[in-house]
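What follows is a set of notes on a single structure, which appears directly below.
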Amino acid sequence: MKIYTKTGDDGTTGLFGGGRVSKTSVRVEAYGTVDELNAALGLARAHSLEKATETVLEQVQIDLFCLGAELACVPGKESKLSMKAIDGDDIARLEKAIDASEGALAPLTNFVLPGGSVQAAALHLARTICRRAERAVLSISDSQVRSEIVVYLNRLSDLLFSLARTENQAKNIPDVPWTPRQASRT
């Protein structure tokens, strides 16, 4: 089987359940950004993360494939996917992981700059892609996206922030607090 089909040469792509849409549609942008997020998590995982972080992100990547598949489906045809959709249990799992990660961290008293260790920097990058994915999903008509998808992405970005701080702590690299620039007095 060849990797190329030539069916997208006209600037369209097929959705699960039939039908074609422009590659510039908001739906394609949304599931494409979720795919980008998944790739960013793969890159982060290639940087020797802490075992607990690795375990959480392995499941998140599986979740994101399911979430992306649902977004890549013709609205109303999701049952053709024959997979479990993201639901409240998945959101609760993320919340539990956030609580576990935050429990070992010093409370935040100010914003922190993204970075520190390579691992934390990769997770911060994934966090910003996650926020963009959330915005892209929200640009799809409300009636065509389940609320669980939006909530999942919102929680995931919080989790990625917390895991980035956890990775810095594990490597004895302090988070760098953001210090606002002083306004010039003229």
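Is it fair to say GLN61 is assigned to a helix (DSSP H, G or I) and within 16 Å of SER162 (Cβ to Cβ)?
Values: assigned to a helix (DSSP H, G or I): yes; within 16 Å of SER162 (Cβ to Cβ): no.
Judged against the criteria, GLN61 is not a match.
Considering only residues that are among the acidic types (Asp, Glu) and over 18 Å from GLU95 (Cα atoms), which ones fall in region 119-166?
Going residue by residue through region 119-166, those that are among the acidic types (Asp, Glu) are 134, 142, 148, 158.
Answer for region 119-166, where residues must be among the acidic types (Asp, Glu) and over 18 Å from GLU95 (Cα atoms): just ASP142.
Tell me yes or no: at least one residue of region 73-83 is touching a residue at least 12 places away in the same chain (Cβ under 8 Å), closer than 20 Å to CYS130 by Cα, open to solvent by 80 Å² or more (accessible area, probe 1.4 Å) and not aliphatic (A, V, I, L, M). Scanning region 73-83, I find no residue that is touching a residue at least 12 places away in the same chain (Cβ under 8 Å), closer than 20 Å to CYS130 by Cα, open to solvent by 80 Å² or more (accessible area, probe 1.4 Å) and not aliphatic (A, V, I, L, M), so the answer is no.
When each of GLY32, GLY18 is tested for being loosely packed, with under 14 Cβ neighbours inside 10 Å and of a type outside the set (Val, Ile, Thr), the lone residue that passes is GLY18. Each residue in region 98-109 was checked for being surrounded by 11 or more Cβ atoms within 10 Å (Cβ to Cβ) and of a type in the set (Ser, Thr, Tyr), and 1 of them qualify. Could you list all residues from region 110-164 that are under 16 Å from ALA69 (Cα atoms), open to solvent by less than 60 Å² (accessible area, probe 1.4 Å) and modelled with pLDDT under 95? ILE140, VAL145, listed by residue number.
Against the conditions (1) more than 23 Å from LEU138 (Cβ to Cβ); (2) in contact (Cβ under 8 Å) with a residue 12 or more places away in the chain; (3) among the β-branched types (Val, Ile, Thr), THR12 satisfies every one except (2). From the list GLU167, GLU70, GLU95, the lone residue that is acidic (Asp, Glu), over 24 Å from ALA52 (Cβ atoms), in contact (Cβ under 8 Å) with a residue 40 or more places away in the chain and surrounded by 12 or more Cβ atoms within 10 Å (Cβ to Cβ) is GLU70.
The values are calculated or read from the model by the stated rules, or taken from the named source; none is laboratory data. As the structure is a computational prediction, the values presented were derived from the model and not from experiment. For neighbour counting, all protein chains shown are included, and Cβ atoms are generated from backbone atoms with ideal geometry for every residue, glycine included. Accessible surface is based on the protein model in full, side chains and every heavy atom, while ligands, DNA and RNA are left aside. Shrake-Rupley method; radii C 1.70, N 1.55, O 1.52, S 1.80 Å.
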